[in-house]
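Each reported figure results from applying straightforward, stated rules to the coordinates on display, with no laboratory input. This one's a predicted model, so the numbers in the text were calculated from it and none came from an experiment. Cβ placement follows ideal geometry from the backbone for every residue including glycine, while neighbour counts extend to all protein chains displayed.
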Amino acid sequence: MGRIETRLAELGITLPTPMAPVANYVPFVITGDLVVISGQIPARDGKVAYTGKLGDAVPMDVGVQAAQLCFINLLAQLKVACGGDLDRVQQVVRLGGFIAATAEFTSHAQVMNGASDMSVAVFDDAGRHARSTIGVPSLPLNAAVEVEGMFRIA
Amino acid sequence: MGRIETRLAELGITLPTPMAPVANYVPFVITGDLVVISGQIPARDGKVAYTGKLGDAVPMDVGVQAAQLCFINLLAQLKVACGGDLDRVQQVVRLGGFIAATAEFTSHAQVMNGASDMSVAVFDDAGRHARSTIGVPSLPLNAAVEVEGMFRIA
Amino acid sequence: MGRIETRLAELGITLPTPMAPVANYVPFVITGDLVVISGQIPARDGKVAYTGKLGDAVPMDVGVQAAQLCFINLLAQLKVACGGDLDRVQQVVRLGGFIAATAEFTSHAQVMNGASDMSVAVFDDAGRHARSTIGVPSLPLNAAVEVEGMFRIA
């Protein structure tokens with residue numbers, strides 16, 4: 001078992017079978033040493049586990065869990081992109097966080113920390129990434145959060 | 001006539017004269033083998049052909065047409081980036097879809113399929129791309145959809 | 001003093017001490033010859049200088065100033081990425097503009113011009129960039145504008 005797989009086990013993170021895209025696109029594209037991964041929603045076992053808006057029905061801690069699940073789904077796709085070996089990941093380059101939120105919501109960064117904190121927990125310094133986080137009025141399938149990612153691999 | 005131009009003709013797609021940016025930026029930047037293209041709105045003959053919001057006045061099929069037109073406008077810019085030869089396109093790396101939508105709308109993916117399905121129709125496997133699709137409250141000039149793209153060329 | 005620093009002085013632009021991220025990520029990641037910089041909000045002296053929404057309490061000229069300040073904050077991070085020497089910047093590749101706006105707002109492009117015009121003023125032709133501009137319902141800390149950037153350096 002590789003170094004990152006061992007770390008995932010220590011953290012109690014189980015990677016799901018990667019979700020198939022809900023439309024005519026692919027989960028990731030590799031270009032040069034970069035893996036560009038499609039926006040992941042907080043789906044588990046084929047259904048969206050976290051729906052609704054921050055600042056409305058979704059409390060902060062649930063939003064954080066949604067962001068964590070998005071990151072876990074990114075990892076599942078990334079593992080496939082790496083041919084099964086997550087130790088090939090050199091750097092989490094960028095995460096883009098889309099938080100379904102009301103016009104009054106202001107704590108988007110704390111929600112997105114669910115993904116960012118897990119990135120550093122899994123990859124240490126290689127998990128420190130550039131990041132943009134924004135609010136959105138609505139997401140596909142009423143997802144509460146969506147996270148996209150760019151990764152450099154060896 | 002090149003392979004992709006022939007395909008476009010078979011599909012009945014005519015590329016417009018690329019639209020000039022509405023502000024102080026450029027339609028695309030080439031860096032290495034990547035072409036990064038500015039967000040395209042569904043404009044035709046110098047005016048926005050599809051305005052309004054999904055989930056409100058814009059029905060699904062019209063949203064799909066708007067996404068198709070955004071992709072056609074991306075292709076027109078991409079052709080210029082390729083010096084007129086679309087056969088140089090190696091891969092559609094990523095499409096970003098911004099759907100002007102209400103807070104209640106949930107079918108963003110189906111709207112964005114207008115762009116994704118056309119990408120695969122035009123470029124076959126090289127048209128399969130990573131994708132992020134989100135809702136937005138409003139877009140420049142009241143556009144119903146905006147699509148940005150990253151492409152790898154030879 | 002370098003060429004770009006001289007230009008900044010001529011334009012009366014003083015770069016601030018780069019703001020630390022408000023969460024567990026980093027201001028930028030360098031991958032190959034690209035610098036990917038995290039979304040910057042219009043913060044000055046540790047607080048957000050421009051809050052609220054375009055189309056509501058924030059008038060156009062204030063939105064433009066907010067976009068300018070976001071770009072200045074990008075430059076401050078970029079200078080660090082360049083080891084202090086902004087003359088290493090080869091190209092502003094892409095700016096992403098997120099405008100906190102109402103559903104009725106349509107002038108996102110003019111707001112984002114605050115960033116784009118400054119990019120060209122500072123870097124001349126190398127400042128001409130690909131760009132995507134969208135409305136968002138809300139941003140971290142109630143920021144009025146957020147701008148992310150990708151740059152190529154030597």
Q. Percent antiparallel among DSSP beta bridges with both residues in the range B:1-130, to the nearest 5?
A. 65 percent
Q | Paramagnetic reach from B:Asp33 in the range C:83-97 [backbone N under 19 Å; point 7 Å along Cα→Cβ] | A | none
(Q) If you take each beta carbon of peptide B:14-21 and count the beta carbons of other chains within 10 angstrom, what is the mean? (A) 1
Q: Calculate how large, on average over all directions, the projected area of the Cα convex hull of the range C:82-154 is; give the answer in nm² to one decimal.
A: 5.4 nm²
Q | For B:Leu15, inter-copy label distances in nm, listed shortest first [label point 7 Å out on the Cα-Cβ vector] | A | 3.8, 3.8
Q.
Above 18 Å lies some portion of the pair distances; for the range C:1-118, what is it as a whole percent of all C-alpha pairs?
A. 54 percent
(Q) Give the lysines reachable from A:Lys79 as a straight Cα distance under 27 Å; neighbours fewer than 8 places away on the same chain don't count. (A) A:Lys47
**Q.** Whole-Å distance, taken between Cα centres, linking the range A:1-31 and the range A:82-154
**A.** 14 Å
Q: Sort B:Leu95, A:Leu15, A:Leu86 so that the residue with the fewest other Cβ atoms within 10 Å of its own Cβ comes first and the one with the most comes last.
A: A:Leu15, A:Leu86, B:Leu95
Q: Would you work out the relative contact order for the range C:49-154, in percent, from Cα pairs under 8 angstrom that are 6 or more residues apart?
A: 43 percent
**Q.** Ascending list, in nanometres, of distances separating the A:Lys47 label from those of the other copies (7 Å, Cα toward Cβ)
**A.** 4.7, 4.7
Q.
Using only DSSP helix segments of four residues or longer, with each worth -39500 (n - 2.57), what per-residue ellipticity at 222 nm results for chain A after dividing by its residue count and rounding to 500?
A. -10000 deg cm²/dmol
Q. Cα extents of the protein assembly as shown along the three principal axes, largest first, in whole Å?
A. 57, 55, 42
Q. So, in nm, how far is label B:Ile13 from label A:Asp87 when the simple model puts each one 7 Å beyond its Cα toward the Cβ?
A. 4.3 nm
